[in-house]
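The values are calculated or read from the model by the stated rules, or taken from the named source; none is laboratory data. Quick caveat, the model's predicted, so the values are computed rather than measured. A quick note on method: Cβ atoms are made from the backbone with ideal geometry, for glycine too, and the neighbour counts reach across all protein chains shown. In case anyone asks, the SASA skips ligands and DNA or RNA and just uses the protein heavy atoms, side chains included. Shrake-Rupley method; radii C 1.70, N 1.55, O 1.52, S 1.80 Å.
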Amino acid sequence: MRQVLILVLVLTGTVLSPVLAGHAAAEVDVEKAKQFVLDGVARTSKILRAHGEPPDVISGRLRTEFRRGFDIPAIANFALGNARRRLSPEQRRLYEREFEELVVQTYTSRIIHYGPRVKTDISDIIRFTGHRPINDEQVILHSQVNRQGANWVKIDWRIRRRGGAYAILDIMILGISQAMLYKSEIESVVSRNGRGVDGLVDTLHKKNQEIRKGRKPADVTPR
């Protein structure tokens, strides 16, 4: 299941993130939301098919695509939970920087390994099966993503439209919210280190250093 998430997470519901949820209202433009995801899938597929490029070049392009597709500040804010209310401006800046670096490094370092599995036809990668509006800014897109040698796997995308721009807020794999997984891990680190957000920032920084050296971090990683 990790392989499926690695394949799709940088490309751009059953369990919904409470902080990101809203009241039912008018539906967003579903076709534009779908196209937003498809465009991200197509761009990332092209990046991964450039097997002759150096890994650092591919990684840099994937990082750009990830930041283009996901609302990382919103995800970081949600993952921090109630502790976000006690942040100073400087703590918020440091935390968001390290959180983004962790997420981007984790996925870009792993997705490169699965690049050769990406096919050229987008219909071989993802297909939409339905949608569910959340409010006038958000919609859940139901899809299935192809995993080589296995059945198509259910992936739900939580998409937000704001000011004409689209962004991914969460991905649910078989109903499991990835934002909720990050929230659980972050809260666990905060409660264990005894130093609050400062300790969390230090922990994230150390984990980012471990990833740069090619070592797998023990916590705050996607399932």
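Given a 1.4 Å probe and the protein chains as shown, ARG61 ends up with an accessible area of around 100 Å². Per residue, region 33-112 exposes 45 Å² of solvent-accessible protein surface, assessed with a 1.4 angstrom probe and all protein chains in place. Return the aspartates and glutamates within reach of LYS206: Cα separation strictly under 18 angstrom, same-chain partners fewer than 8 residues apart disregarded; answer none if there are no such residues. Partners found: GLU96, GLU98, GLU100, GLU101, GLU185, GLU187, ASP198, ASP219.
Other residues whose C-beta falls under 12 angstrom from the C-beta of HIS142 contribute a net charge of +4, scoring Lys and Arg +1 and Asp and Glu -1.
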